Amino acid sequence: MAGLVLAVLLPAGLQLLLLQVWHANLTTASLVQLTGAVGVALVGGIWPALLAAFWSSLLLNYFMTAPTGQLLIHDTAMAVALVCFVAVAGAVAWVVDVSARRAARARRAGAEATALNELTRVAIATEDPLRSLLEQARQVFNADAAALFVRPTGSGLDTGDESSWVLLAGVGQQLASPDTADTVERVDDNTVMALLGPHLAAAESRLLKAFAAQATALRARQQLMISRLENERLAQDNLMRGSILQAVSHDLRTPLAGIKFSVSSLLQQGGSFSTEEQRELLQTTDAYADQLELLVENLLDMSRISARSVGPLLGPVHWEDVLPEALRSVPPGSVTFQIPDDCAPVEADPGLLERVIANLVENAARHAHPSTVTLQAGEPPSTGSRVQGELRIIDAGTSPLPHDLEEMFKPFQRMTDSGEDAGVGLGLAVARGLTEAMGGTLNPERTPGRGLTMVLRLPLAAPRASSSAGSESTGLRQDDR
């Protein structure tokens, strides 16, 4: 419409300007009118441009060729010139129109290519690709809303029931069903993409089909990812179950056999044991019972950690508060201490912290024998706004360490070269899980020379009013250090 209006008004305006201002001759006027026809072609296309060329030729004939003031032409050359003007103006207008259409198609193709490239990026880079896809569709098509609806399995196809569609994802205004949208593109038999906004042209409809195809791929990808994660979880569960059965069957058999032997010997009729022999059998039973208790505790802790059901009760705790109970299962004299008197308390659960230190010290003592284990407390170099307290469990054991120290934290891993039973392989995994539940970290380091150092770090708590009283109540005195 703008081209048609311009085809009528522009030649007349240019002719008025030529007569009143320039007093131009026929050649100049023809060139000016030709330029006007090209402008009309750029705005309205070929048909308004042809109208402008014909209208311009009439104005040139009426005002610029003798006799002026009428449409008659007495000079044959003038008639040929006007005919040529119309032909040239029409040809130029046609060329300009074709070029403009091709440029418009190129711009649309470029926009579609950009949109398709963005679709690929959305499918790879975003955390929620389906929602990002809909947001991009809403922006590309200038829509007020974009949504993806699915029909639950077994609801039947093409029932016309709005309630049979369920909104899977949407952006912009809320759409209740595909029937409330202006444009609906079927993704598959049970999925449609709906847009609320202006009517789409043919080229835009093709681009919408590309969006629908991408939505199909994203849904299939999500389903594959869900299946893959489920398969991985089942595989891990099977591996964990097999490891538990293998490890527990072995670690249960040894202490149970020892307990059975000791108790059977004591109950044997006619057996005569000295007091020292009876005490030795009872001590054996007690030691094996402690092994069973530790095994059961680690299994229960590991199940709680796996289920993320560990709920620590955090509060200020001094290292000295938990060390006596944590070290009761290690031989006396096998641990030395380097804990300053003014060591600040950490934010921790006393019971969980005791279990962590007990597991770490027992693991270190098993591999450090006959050397001692050193507990060294302090504060690590500040690396940020979070201030932490640190406890290092240092051993000089001779057992070979894996190239990647993180492998030691995998459940049911036994790291020993002594040929002796190294336990069910849950101690370090449980220790790290409980530490992380309290907001701390547990990392391994190689002890200079040989051995392993476990670095336990927990956030510092507000200092207590009196730290000496707490230290005295724990039974750890400076002389013990």
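Entry remark, segment 286-301: residues being of a type in the set (D, E) and buried (at least 18 other Cβ atoms within 10 Å of the Cβ) number 1 in total.
Among residues that are modelled with pLDDT of 75 or more, part of a helix (DSSP H, G or I) and not β-branched (V, I, T), A79 is not included.
Would you say R450 is modelled with pLDDT of 90 or more and within 30 Å of P400 (Cβ to Cβ)? No, not satisfied. Is at least one residue of segment 354-364 on the phi < 0 side of the Ramachandran plot and part of a loop (DSSP other than H, G, I, E, B)? Scanning segment 354-364 turns up no residue that is on the phi < 0 side of the Ramachandran plot and part of a loop (DSSP other than H, G, I, E, B). Evaluating L313 against the criteria (1) surrounded by fewer than 16 Cβ atoms within 10 Å (Cβ to Cβ); (2) part of a helix (DSSP H, G or I); (3) at pLDDT 80 or above leaves one unmet condition, (2).
The values are calculated or read from the model by the stated rules, or taken from the named source; none is laboratory data. Keep in mind it's a predicted model, so treat the numbers as computed, not measured. Note that we place each Cβ from the backbone using ideal geometry, even for glycine, and neighbour counts take in every protein chain shown.
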